[in-house]
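Below you'll find the structure, written out as structure tokens, and then a few comments.
Values in this text are rule-based calculations from the coordinates and carry no lab data. Note that the coordinates shown come from a computational prediction; the quantities given were computed from them, not determined experimentally. Here the Cβ positions follow ideal geometry from the backbone for every residue, glycine too, while neighbour counts run over all protein chains shown.
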Amino acid sequence: MIAQATILDDLSAIVGGEHAYPADESQRFVVDGMTPRAVVEPGSYEEVAGVMRYASEQGLAAIPLGGGTKRHIGNLPSRYDLALSLSHIHQIIEHEPADLTVTCQAGISVAELDRRLRVHGQRVPFDVSHGQQASVGGVLAANTNGPSRPAYGALRDFTIGIRMVTGDGRITRAGGKVVKNVAGFDLCKLYIGSLGTLGVIVEATFKVMPVARLERSVLLSLDTPGGACALSAELHRRGLALSHVQLSGRGDATGYSWLLETRLAGSEGAVERSENEVVGLAPGSHAQPAGSDVSSTDRFSGEHFDDSSLLCRFSTLPSRLAAFIGAVQRLESPDILAEPATGILRVSWHEIDGATVLERARQIAASHSATAVVERCPPELKQHIDVFGDPPPAFQLMRSVKQQFDPKGILSPGRFVGRL
Amino acid sequence: MKRSSLIRDLQGAIGRRWVLHAPEDLLVYEYDATIDRGLPEAVVLPDDAEGVASAVCIASNHGVPVTARGAGTGLSGGAIPCEGGVVIVTTRMNRILELDPENRIAVVEPGVINLDISRSTAPYGLYYAPDPSSQKACSIGGNVAENAGGPHCLRYGTTTNHVLGLEIVTADGVVVWLGGKTADTPGYDLTGVVVGSEGTLAIVTKVIVRLLHKPEATVTLLAIFDTVTQASRVVSSIIGKGMVPAALEMMDKNTMDAVEPFVHAGYPPDAGAVLLIEVEGLKEDAQEQADAVASICRELEAREIRIGLSQEDRDRLWAGRKGALGALGRLAPSYYILDGVIPRTRLPTVLDGVYEACDRFGFRVANVFHAGDGNLHPNVMFDERVQGATKKVLDLGEEIMRLCVDAGGSITGEHGVGYEKRNYMSWIFSPDDLEVMSRLKAAFGASEIFNPGKVFPTSKGCGEVSSRMRAAIARVGADAFV
Ligand SMILES: Cc1cc2nc3c(=O)[nH]c(=O)nc-3n(C[C@H](O)[C@H](O)[C@H](O)COP(=O)(O)OP(=O)(O)OC[C@H]3O[C@@H](n4cnc5c(N)ncnc54)[C@H](O)[C@@H]3O)c2cc1C
């Protein structure tokens with residue numbers, strides 16, 4: 001095995017001395033309890049390519065990292081030699097407000113991009129927690145979406161171009177800078193959610209949208225998740241100006257309290273009418289217009305899941321969501337955050353026996369035709385499970401994709417579905 | 001192996017009735033809506049995925065390629081069997097298998113006609129959003145393969161934004177599901193890469209589509225301008241103000257001249273361009289947007305604005321736009337529909353360039369296109385019977401594509417690369433970019449078998465070149481438009 005000192009020397013030659021260093025003291029680069037042998041911080045696409053060529057020649061396993069907020073997602077890495085930090089690649093390359101598009105580098109934080117676009121009254125509709133830290137590249141790699149998906153789309157809908165450095169160190173581009181484009185395979189789709197296993201995302205181009213002139217939110221306390229789901233379905237059927245609908249539940253064996261948060265955005269007339277209809281429709285519930293200060297409702301953003309001992313993400317059909325919640329709620333009374341319109345929910349347990357609870361949660365998921373992914377659990381539990389569950393039907397194809405893109409197995413090896 | 005044994009094997013698997021091999025039967029499948037053609041050795045019409053899978057295996061055993069074909073309305077030569085082999089036609093696989101209004105999804109077979117999805121979901125107040133202008137004729141399988149767009153994709157996105165999952169047959173004849181009915185499915189987004197792969201990765205045998213609620217209110221505005229430049233400025237201004245109408249379409253003077261005698265839309269004879277703008281949503285939102293759009297049009301000197309609220313009035317405003325292609329067909333023996341994309345701020349300059357190039361080549365051009373997303377469709381009129389005209393019109397097409405690429409755009413927004421534009425791919429993608437795409441093809445094991453000669457640059461060519469545009473129009477109906 002190549003010595004750590006040699007690796008550091010070689011990397012320094014590519015990125016400069018101060019941008020290649022040992023990782024021991026830095027929690028930031030630890031993934032599932034594993035510490036890399038070196039941290040490398042390239043400052044340009046060419047340097048990323050140089051690092052990858054080197055990794056490929058030496059057979060060193062690299063994990064690309066942005067802000068590190070999604071490090072807990074994925075299977076246990078089978079090897080981890082290099083932490084490839086993108087935080088020094090963080091420029092906005094091009095923003096043409098009148099074209100409603102922006103191109104930025106992967107290391108820029110979601111919050112910084114947002115701040116720069118808001119000056120022009122625009123935004124990319126990211127919907128993530130930890131925006132200060134989360135990098136655009138990381139959000140893409142982890143495919144993080146939120147409750148605004150039905151209104152503004154998911155990452156796969158508003159990402160129109162991606163620049164990616166391959167495992168063998170080629171700087172390549174997929175998509176483009178125009179909002180409509182069908183030239184060649186749409187590799188952007190493949191890279192979104194690939195969790196650093198196919199290449200290193202270094203740049204992306206997005207469709208931007210105007211910041212809503214008016215956004216208000218209404219909080220509704222409801223007795224049952226079923227009532228909340230039915231209400232949400234009716235709000236959507238009416239086409240109300242919804243920008244975000246999220247149900248949160250907390251409680252214990254004696255009872256749960258349910259809160260449906262709706263945000264309304266659009267013209268004044270539309271928001272006003274939507275607000276009235278939301279309040280009017282809530283059956284026997286306690287409606288509380290939270291006004292235009294939507295940030296006051298940020299306590300539902302999921303940040304309080306950071307310390308959960310088991311965090312799972314399920315995706316079921318919207319029509320089965322209420323029943324699913326009912327079943328999962330009886331399993332050690334977890335905290336629940338659900339998107340009634342998409343059927344996605346995140347469930348967080350504290351102080352439980354992870355293995356047992358997970359097994360039962362997966363049974364519940366299977367009986368409700370839901371997919372289940374463990375987003376957070378201790379590394380000890382990860383040793384025994386595939387966090388993505390049973391391999392999907394197209395697993396053979398996925399495996400060949402991985403083999404084609406990463407024949408040497410140096411890109412976040414082991415972390416993906418089926419330990420690819 | 002001989003052709004006769006290929007046909008015998010196919011007959012054994014699919015049934016005699018559903019295997020075509022007589023020369024006169026094959027002729028129908030040698031073209032799509034473009035100006036190229038290529039003759040298959042056999043055409044099969046399977047009824048289900050298993051039939052497709054056996055046809056793929058048989059073709060593969062005989063070492064001949066497979067080209068899928070939906071309705072044959074493609075505008076990039078996608079369904080033309082450039083290298084012969086077997087054509088798999090999906091017309092018999094035309095069932096809507098499941099309709100789930102509660103979860104707003106439908107599972108359909110690839111041969112289902114686009115518009116039939118919205119027709120059958122209308123009773124539930126739902127519809128399928130991507131609306132290619134050929135929607136009365138084109139198949140959903142063809143839409144998936146081309147990632148088809150349409151006028152309303154400005155707001156709602158193209159096919160890829162509305163497909164949740166696919167059942168496919170792979171090159172080794174395996175039937176497998178990608179994606180699924182739920183919003184998230186673990187693993188690589190293979191649905192996302194098969195959409196838009198132009199039949200080169202797999203044959204699609206089932207499609208899960210997402211349905212939308214019909215909007216409460218829709219307002220259509222038609223604004224008439226003296227010049228194309230003025231109309232382009234309005235487009236830039238609407239987009240620049242962050243408004244995203246449901247549709248934002250432009251027609252130039254040549255188009256209006258062609259349309260007026262047939263549609264009697266009342267376009268002033270000296271007008272230079274019209275914009276057709278549709279806004280929708282809650283009635284409060286639609287009204288506010290309509291007012292804002294109207295005031296931009298007025299500010300930038302629209303000479304007339306017509307507004308349609310009722311379905312009947314709105315249909316009347318759309319009539320000219322929808323009748324455009326049929327009308328153009330009457331002006332010249334043939335025409336060549338181009339498809340390119342540019343950043344929206346570049347509309348005025350690139351359109352000038354298009355007119356200049358057409359003038360220089362001596363062809364008349366009618367521009368009728370999706371202005372809101374910068375998707376140009378210059379229609380170049382020509383007479384293929386004139387010696388050298390076809391070659392000249394293709395050269396002009398190439399020059400116009402150059403203009404788009406130089407402006408920072410793309411060589412296709414919705415019609416696909418297919419056969420026609422494969423050699424332009426290297427204008428926008430580096431050899432490394434293309435190499436990475438070929439990895440995907442290798443991963444699907446599809447390098448040789450599915451639709452060879454498409455999408456990627458090569459020097460080989462299809463056989464004869466002749467114009468079939470008219471035949472395509474006849475199939476999609478005279479009110480077809482791009
Ligand atoms: C008048 C007119 C107007 C048009 N307007 C528009 C428009 O507004 N927007 C737009 O996007 N397009 C438009 N088109 C182009 C065309 O209609 C679309 O590309 C459409 O999606 C093609 O569908 P099809 O069923 O005719 O496919 P075909 O032409 O039969 O095939 C197209 C491609 O799809 C592949 N394919 C077909 N079925 C399958 C399958 N089951 N599995 C895998 N691959 C398959 C074929 O191999 C081929 O590569 C227009 C065409 C015409 C003639």
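For the cross-link pairs A:207/B:253; A:180/B:214; A:177/B:214; B:241/B:322, the ones whose C-alpha atoms lie over 25 Å apart are A:207/B:253; A:177/B:214; B:241/B:322.
Within 10 Å of each Cβ of B:196-206, how many other protein chain Cβ atoms are there on average? Can you show the working numbers first?
Values: counts 7, 4, 3, 0, 1, 2, 1, 0, 0, 0, 0.
Per residue, the number of nearby Cβ atoms from other chains is 2 on average.
For the pair residue B:124 and residue A:369, a Förster radius of 25 Å applied to the C-beta separation gives a FRET efficiency near 0.70, rounded to the nearest 0.05. For the protein assembly as shown, the extents of the C-alpha atoms along the principal axes are 79, 67, 58 Å, listed from largest to smallest. Annotation: extensible slack from residue A:276 through residue A:211 equals 21.1 nm (criterion: 0.36 nm per residue apart, minus Cα-Cα distance). About its Cα centre, the dipole of region A:92-210 is roughly 120 debye, where the only charges are +1 on Lys and Arg Cβ and -1 on Asp and Glu Cβ. Using the average count of surrounding beta-carbon atoms within 10 Å as a protection proxy, the listed peptides B:73-83, A:59-69, B:8-18 rank, highest first, as B:73-83, A:59-69, B:8-18. Summarising the overall dimensions of region A:137-191 from its C-alpha atoms, the Rg and Dmax are 12.3, 39 angstrom.
When N counts the residues of region B:96-196, how does its alpha-carbon radius of gyration compare numerically with 2.2 N^0.38 Å, as a ratio?
1.05
Bridgeable aspartates and glutamates around residue B:181 (alpha carbons under 14 Å apart, same-chain partners fewer than 8 residues away excluded): B:98, B:100, B:102, B:167, B:189. In this rough spin-label picture, where each label sits 7 Å from Cα along the Cβ direction, the residue A:306-residue B:330 distance is 6.9 nm. Within straight-line reach of residue A:408, meaning a Cα separation under 26 Å, sit the following lysines at least 8 residues removed in sequence or on another chain: A:70, A:189, A:382, B:441.
Please give me the summed charge of the neighbours of residue B:286: other residues whose Cβ is under 9 Å from its Cβ, Lys and Arg +1, Asp and Glu -1.
Summing Lys/Arg as +1 and Asp/Glu as -1 gives -4.
The charge dipole of the protein assembly as shown, taken about its Cα centre with unit charges on the Cβ atoms of Lys, Arg (+1), Asp and Glu (-1) only, comes to about 1420 debye. Averaging 1/r across all pairs of distinct Cα atoms in region A:1-160 and inverting the result yields a Kirkwood radius of 16.8 Å. Mean residue ellipticity, 222 nm, helices only, the protein assembly as shown: the sum of -39500 (n - 2.57) across DSSP H runs of n ≥ 4, divided by residue count and rounded to 500, is -9500 deg cm²/dmol. Shielding by partners for peptide A:268-274, expressed as the average number of C-beta atoms from other protein chains within 10 Å of each residue's C-beta, is 4. Its residue count N sets the reference 2.2 N^0.38 Å, and the alpha-carbon radius of gyration of region A:92-210 equals 0.98 times that reference. Taking other Cβ atoms within 10 Å as a rough exposure proxy, A:1, B:93 sort from fewest to most as A:1, B:93.
Farthest towards the positive end of the charge dipole of region B:196-341, among the residues B:308, B:341, B:200, is the Cα of B:200, using unit charges on the Cβ of Lys, Arg, Asp and Glu.
Shape class of region B:217-326 from the alpha-carbon gyration tensor: oblate, with a/c at 1.5 or above and b/c at least as large as a/b.
Highest mean first, what order results for B:214-226, B:304-316 on Cβ atoms within 10 Å?
B:214-226, B:304-316
Computed over chain B, the P(r) curve from all C-alpha pair distances, binned at 20 Å from the origin, holds 24, 56, 19, 0 percent per bin.
The P(r) of chain A has a tail past 31 Å containing 42 percent of all C-alpha pairs. Charge dipole (Cα centre; +1 on Lys/Arg Cβ, -1 on Asp/Glu Cβ; no other charges) of chain A amounts to roughly 1120 debye. Placing dummy labels 7 Å off each Cα toward the beta-carbon, the span from residue B:395 to residue A:224 is 7.5 nm.
Applied to region B:332-337, the Karplus parametrisation 6.51 cos²θ - 1.76 cosθ + 1.60 on θ = phi - 60° returns per-residue 3J(HN,Hα) values of 9, x, 9, 8, 10, 8 Hz, with x for Gly and Pro.
Between residue B:309 and residue A:44, the simple spin-label model (points 7 angstrom out along Cα→Cβ) gives 6.1 nm.
What FRET efficiency do you get for residue B:438 and residue B:291 if R0 is 51 Å and r is their Cβ-Cβ distance, rounded to the nearest 0.05?
Details: r = 51 Å, r/R0 = 1.00.
Step by step, r from the Cβ atoms, then E = 0.50.
Peptide A:397-407 shows a mean partner chain C-beta count of 5 within 10 Å per residue C-beta.
Placing unit charges on each Cβ (+1 for Lys and Arg, -1 for Asp and Glu) gives region B:1-120 a dipole about its Cα centre, and among B:73, B:87, B:111 the Cα reaching farthest toward its positive end belongs to B:87.
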